[in-house]
Structure formats: structure tokens, C-alpha cells
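Beneath this line is the structure, given in C-alpha cells, with notes to follow.
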Amino acid sequence: MQLSAAKILAVTLISILSLYLTVKPTFATNSDRFMVKINQFRQSQGLQPIKPSPITCKFAAIRAKEASSQFTHDGFYNRVKNYTLPYPKYRLVTENLAWAPNGKDAVNMWINSPSHTANLLKNTEFACIEKYGDYYAFEGLQV
């Protein structure tokens with residue numbers, strides 16, 4: 001029995017699709033996994049999901065590194081006060097910092113802290129979590 005090119009292609013596509021459906025999803029970065037957890041929390045509160053953007057991720061990476069040497073929000077608040085945030089324009093910005101052994105613990109700490117939860121639930125369209133060592137920064141942005 002000879003198989004036509006179309007049948008071979010169909011069998012190949014079905015094989016690839018079945019493999020795709022049986023493999024657990026992977027995340028490009030740990031940040032993506034943590035953002036999924038934050039978005040699940042936001043949706044449980046009736047809010048829209050937030051999405052990462054290159055500019056929030058870059059700033060979160062900067063802030064996580066800064067937090068490793070000075071664990072305060074001073075770097076964030078000074079930028080707000082001096083109009084030196086890396087965003088060309090914004091209506092709302094938020095920040096959460098955590099010192100935790102892993103990102104799951106950082107997100108859980110934020111969810112269980114009223115002031116940090118308030119930041120997670122603010123009307124931001126973009127956000128990102130980045131880490132440096134055991135330090136995590138969540139930066140939120142509404143343009």
C-alpha cells in the first residue's frame with residue numbers, strides 16, 4: 001500500500017498535535033509562571049489579566065538587582081518623585097519587592113499581604129516580575 005504525500009503530511013501533523021497536547025506547558029521564564037499565578041489571583045477577584053512588557057521587565061530586573069543591595073522602595077519612590085521612571089508616560093505605577101527562596105513564595109507573600117495585594121489588584125495593564133538572586137521585583141504600569 002502506497003501512502004500519498006497528503007496522507008503522510010496528515011499523519012505527521014496528527015502525531016505532532018497529539019504530542020503537543022500531552023506535554024505539560026512550559027514557560028519561557030520563571031517570570032511568566034509567576035505572572036500566571038498573579039493573573040489567576042486577579043481573575044479570582046473579577047479583574048482582567050495583566051501582561052508583561054519589555055519596559056516593565058527591564059525595570060523589574062533593575063529594581064530586583066537594586067533591592068539585593070538596598071532592600072527598600074527608595075529607588076522606586078525617588079524615581080517617581082524626580083520623574084525619572086523609565087516610562088515615557090504613565091497614569092499609574094506600582095512596585096512590590098520580596099526576599100524569598102523562590103518566586104512562588106514571593107508571589108504568595110504578596111497575595112497574603114494587604115498592601116502588596118493592593119498593588120497586585122490595581123488597574124495596571126502591564127507588569128513584570130524579575131529576580132536577582134533571592135530578590136524579586138514586581139513592577140506594574142498603566143499608560
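The values are calculated or read from the model by the stated rules, or taken from the named source; none is laboratory data. In this text, all values refer to a predicted model and were calculated from it rather than measured experimentally. Note that each Cβ is placed from the backbone with ideal geometry, even for glycine, and that neighbours are counted across all protein chains shown. These accessible areas exclude ligands, DNA and RNA; they are computed on the full protein's heavy atoms, side chains included. Shrake-Rupley method; radii C 1.70, N 1.55, O 1.52, S 1.80 Å.
Before moving on, here are some points about what is shown:
- Taken over the stretch 52-75, the criterion of being open to solvent by less than 50 Å² (accessible area, probe 1.4 Å), touching a residue at least 24 places away in the same chain (Cβ under 8 Å) and outside any loop (DSSP other than H, G, I, E, B) is satisfied by Thr56, Cys57, Phe59, Ala60, Ala61, Arg63, Ala64, Ala67, Ser68.
- Lone unmet requirement of (1) open to solvent by 60 Å² or more (accessible area, probe 1.4 Å); (2) touching a helix residue (DSSP H, G or I) at 6+ places or on another chain (Cβ under 9 Å) for Tyr83: (2)
- Condition met for Ala137 (open to solvent by less than 10 Å² (accessible area, probe 1.4 Å), in contact (Cβ under 8 Å) with a residue 24 or more places away in the chain, under 17 Å from Phe41 (Cβ atoms) and touching a strand residue (DSSP E or B) at 6+ places or on another chain (Cβ under 7 Å)): no
- Condition met for Lys24 (in a loop (DSSP other than H, G, I, E, B) and either modelled with pLDDT under 95 or surrounded by 14 or more Cβ atoms within 10 Å (Cβ to Cβ) (or both)): yes
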